[in-house]
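First up is the structure itself, then whatever we jot down about it.
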Amino acid sequence: MELMFALTVGLLYAAGFFLVMRHSLMKLVLGLIFLSHGANLLIFSAGGLESRGLPIIAEGSKIPQYPMPDPLPQALILTAIVISFGILAFALVLVYRSFRLTGSDDSDQLDSTEK
Amino acid sequence: MNSVILRVAAQILKPVFLIFSVFLLLRGHNAPGGGFVGGLVAASAFVLQMIAFDSAEARRHLRFEPHAFLGLGLLCALSSGIWAFFQAKPFLTGLWIKLQIPVFGLLKLGTPALFDLGVYFVVLGGVMFIFLPLKDE
Amino acid sequence: MKYLIVLPIIIPLVAASFCLLAWPWRQVQRWIGVLGSAALLAASIALFCQVNTSGIQVMSMGNWPIPFGIVFAADLFGSIMLVLGAIMGFAVSIYSLAAMDQKREAFGYYPLFQILMMGVSGAFLTGDIFNLYVWFEVLLMASFVLLSLGGERGQIEGAIKYVALNLVSSAIFLAAVGILYGTVGTLNFADLAVVLQHYPNQGLITTLAMLFIVAFGIKAASFPFFFWLPASYHTPPVPVSAIFAGLLTKVGVYALIRVFTLLFRGDTGYTHEIILVMSGLTMLTGIFGAVTQNDMRRILSFHIVSQIGYMLMGLGLFTKLALAGSIFYIIHHIVVKTNLFLVSGVVEKIFGTTELKKLGGLYHSRPWLSVFFLISALSLAGIPPLSGFFAKLVLIQSGLEIERYGIVAIALIVGLLTLFSMTKIWNEVFWKNPPEPVLPAPSFSPVGWMLPVTALAVITVCVGVLAGPIFELTIRTSEQLMNQEIYISAVLGARP
């Protein structure tokens, strides 16, 4: 299980960095999405991987009945997902705006202030 | 988009979405749900209006401008933290009052619910804030 | 008053909310903005005084037991940064009254500005590493929108570069926090500091430290991660550039200093050596970039990069004196840099451009503006008796003390090149005759523009004149940072 998660996280990061380095701005946004998913999955696996049940202690009991994953990373991911939702929505709008202004999706065209 | 089916569906679905969003908001107290999902569901009601008709129609249904929702929500969430000051507790401490209501029984009102309500409005306002100008272009 | 520590968060949030509710009324928003910034300044100064007299202030949000809940902790370093941030916020919000155009005001400049200030204050106050990430995102989100507000082509292009690099940095930061939590199982700074001291596998901790260097290095615009800064800071309107130049990269520097004095000091021979090398290269690349530019705002943007090097130099040397030098440098730099950008805004207002070729003769038409520019520019270059001289003096002295002559030589050379590039601006903008034909200067009321410029120039002189007491303060701050037990016992001792 750990190996699968590690490979998936690695794959997401690799794909993310690859896409970020492409010319196309749309691929840039996709790459950023992959990167944030990779980070989220990494935090998720940092909490421990247990498939036996939810990290909720049964009512009336003070200790867990079975080994359970740490619930805190899941709360952290929730926060991170909310934040990346907002920021990636903004990034999409930004890329769309840029497309409307320059008529191009190529990041090499973003040089009007450099000339 | 010009589709009669979508328009009719949007009109019928709007109250369903809104009631479901309030349900999610209240349920979030002790079970999965909460202000964030509730706000997203409520916003999707208006986004559907926007897709089926236009942004003016969605604005009309929303009644207030999105930023008003944002401001209101932020104040609402903030006020849930301020209550603790009057009891000399740290910022954002959860406080509860118990009300005995004749028919319903015991009602526990707490500041976390107020915070969730704030989140609900902020998400609703925020989503509409991003999407309405996109449609206008 | 024990609630003082949350006021720097509450005040901008309230101001932003009221600005949002007052959306259609621009005048109301403007004054809410100024009032909010003034209140933030007052609260920050009060908090600083409290920390200065009665030690580190701690509050656990939601009354959760420490270290499980989110903790706010204000030590001397954090509260000094907070006061500086609030002064800049106040100065820029006064400046914005005159300098911001109606279109951007109508699209929410004031609420965004307040949210930016909230993010900055939160980052300086929090005592929890995941919460630090959240405040970073709050201020980044506000800065993204501020940068692209107005939607001109140059701005959108700058914003895409800025957003992309910062999101990559956030993803790395988040991954580092995740691995850190998975390794040691806590997020509270003080608790982390205790656990990391005794963690058996120090190699893993050093690897994590490298991830944090990359994440914060991108935010602080240090070598080799600085390229987004000169590509974006010259594009937005001047008040936005000024607050970015003064504050945003400094939040990254703050995070680096916080993390590398409190958490990662198990292998300083490795981690801090890397920071030292980075600082030297940051100084050099920044200044070489600045020397080749021919636009006032671009020169100033590259200078930010080179100055970041000085701030990291103290952290890299990692002695009490060196860290005090870094803190002194931050105090000096934030004031001076913001002011230089504000002056460039007045220049742009007069000439309609900041390209050096098209400027000239300002010394005759606006002598006071020239004097204020000269004070800030000479201070930046480190001419006595201005603030920059003392900051550099402390850093160089600390370098000589532990016989790191290489970095001292770089610091001195970069100081000379800074002077050279400041004289270039002075010659081109203020001294040489204006290019033909002379355009009639647009008439505008200079009061709103000059008030913050004057105030910041006066503060620069004061920092130079009061160098003694300020140096004493920075030494105490650096003692607090170097002795991590003080922070740990203050936070963990605050358990109810």
Put C:HIS234, C:HIS333 in order of accessible area, largest first, 1.4 Å probe: what do you get?
C:HIS234, C:HIS333
Protein accessible area in the protein assembly as shown, 1.4 Å probe - carbon and sulfur %
70 percent
Once each part is reduced to its C-alpha centroid, what is the distance from the stretch C:88-103 to the stretch A:28-85 in angstrom?
43 Å
Assuming a ≥ b ≥ c are the square roots of the Cα gyration tensor eigenvalues, decide whether the stretch C:442-496 counts as rounded (a/c under 1.5), prolate (otherwise, with a/b larger than b/c) or oblate.
oblate
Rounded if a/c is under 1.5, else prolate if a/b is larger than b/c, else oblate: which is chain A, with a ≥ b ≥ c the root eigenvalues of its Cα gyration tensor?
prolate
Spatially proximal lysines relative to B:LYS89 (Cα-Cα < 17 Å; intrachain offsets below 8 disregarded)
C:LYS2
Going down the list C:LYS392/C:LYS432; C:LYS161/C:LYS337; C:LYS349/C:LYS424; A:LYS62/B:LYS98, which pairs span over 24 Å between their C-alpha atoms?
C:LYS392/C:LYS432; A:LYS62/B:LYS98
Heavy atoms only, 1.4 Å probe, whole protein assembly: order C:MET450, C:MET422 by accessible area, highest first.
C:MET450, C:MET422
Just name one of B:VAL127, B:LEU13, B:ILE101: the one whose Cα is farthest towards the positive end of the charge dipole of the stretch B:4-136 (beta-carbon charges, Lys/Arg +1, Asp/Glu -1).
B:ILE101
So the angle from the long Cα axis of helix C:296-317 to the longest Cα principal axis of chain C, reported in degrees to the nearest 10, equals 20 degrees
Using Cα centres only, tell me the gap between the stretch C:360-423 and the stretch B:103-126 in whole Å.
55 Å
Taking B:LYS135 as the anchor, which lysines have their alpha carbon closer than 21 Å to its alpha carbon, excluding any fewer than eight residues away along the same chain?
B:LYS14, C:LYS103
Neighbour cut-off at most 15 other Cβ (10 Å), DSSP loop, chymotrypsin sites (Phe, Trp or Tyr not before Pro), the stretch C:90-178
C:PHE107
Mean separation of Cα contacts under 8 Å, 6 or more apart, over the residue count of the stretch C:381-496: relative contact order %:
35 percent
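Suppose a student asked you for the relative contact order of the stretch C:2-492, using Cα pairs under 8 Å spaced at least 6 residues apart; what percent would you report?
15 percent
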Quick one: ranking C:MET482, C:MET141, B:MET50 by accessible area, 1.4 Å probe, largest first, what do you get?
C:MET141, C:MET482, B:MET50
What are the DSSP H helices in chain A that stretch 30 Å or more along their long axis, judged by alpha-carbon atoms, and whose average Kyte-Doolittle hydropathy comes to at least -0.5?
A:25-46, A:72-102
Looks like the stretch C:312-357, by Cα gyration tensor root eigenvalues a ≥ b ≥ c and the a/c under 1.5 rounded cutoff (else prolate when a/b is bigger than b/c, oblate otherwise), is prolate
Treating the angle as unsigned and between 0 and 90°, give the value, to the nearest 10°, between the Cα long axis of helix C:405-425 and the longest Cα principal axis of chain C.
30 degrees
Mind checking the dipole of chain C: about its Cα centre, +1 per Lys or Arg Cβ, -1 per Asp or Glu Cβ, Debye to the nearest 20?
720 debye
To the nearest 10 square angstrom, how much accessible area does C:ILE70 have with a 1.4 angstrom probe?
70 Å²
How about C:LYS219: which aspartates and glutamates have a C-alpha closer than 19 Å to its C-alpha, ignoring those fewer than 8 places off in the same chain?
C:ASP128, C:GLU137, C:GLU157
Over the heavy atoms of C:TRP31, what accessible area does a 1.4 Å probe trace out, to the nearest 10 Å²?
140 Å²
Given only helices, namely DSSP H runs of n ≥ 4 each adding -39500 (n - 2.57), what is the per-residue ellipticity at 222 nm of chain C, to the nearest 500 deg cm²/dmol?
-25000 deg cm²/dmol
Computed about the Cα centre, the charge dipole of the protein assembly as shown from +1 Lys/Arg and -1 Asp/Glu charges at the Cβ has a magnitude in debye, to the nearest 20, of 1100 debye
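With N residues in the stretch A:59-115, what two-decimal value do you get for its Cα radius of gyration over 2.2 N^0.38 Å? Let's see the in-between values first.
Details: Rg = 22.1 Å, N = 57, 2.2 N^0.38 = 10.2 Å.
Against the compact-globule rule of thumb, the ratio is 2.16.
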Note down the net charge around C:GLU105, summing +1 for each Lys or Arg and -1 for each Asp or Glu among other residues with Cβ under 14 Å from its Cβ.
+3
Tilt relative to chain C, helix C:387-401 - C-alpha long axis, 0 to 90 degrees, to 10
40 degrees
Between C and B, accessible area buried - total, square angstrom, nearest 100, 1.4 angstrom probe:
1500 Å²
When only Cα pairs under 8 Å and 6 or more residues apart are kept, what is the percent relative contact order across the stretch B:4-136?
30 percent
Would you tell me the accessible area of C:SER421, worked out with a 1.4 angstrom probe on the heavy atoms of the protein chains, in Å² to the nearest 10?
0 Å²
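If you place +1 on the Cβ of every Lys and Arg and -1 on the Cβ of every Asp and Glu, how big does the dipole about the Cα centre of the stretch C:176-298 come out, in debye to the nearest 20?
For the stretch C:176-298, the charge dipole is close to 280 debye.
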What one gets for the protein assembly as shown as the Kirkwood radius, inverse of mean 1/r over different Cα pairs in Å, is 27.0 Å
Dipole of the protein assembly as shown, positive direction: furthest Cα of B:VAL4, A:PRO71, B:PHE91, with charges on the beta-carbon
B:VAL4
Can you list the DSSP H helices in chain B whose Cα atoms extend at least 27 Å along the helix axis and whose mean Kyte-Doolittle hydropathy is 1.6 or higher?
B:4-27
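The values are calculated or read from the model by the stated rules, or taken from the named source; none is laboratory data. Bear in mind the structure is a predicted one, so any value in this text is a computation, not a measurement. So basically every Cβ, Gly included, is an ideal-geometry build from the backbone, and we count neighbours across all protein chains shown. For accessibility, only protein heavy atoms count, side chains too; no ligands or nucleic acids. Shrake-Rupley method; radii C 1.70, N 1.55, O 1.52, S 1.80 Å.
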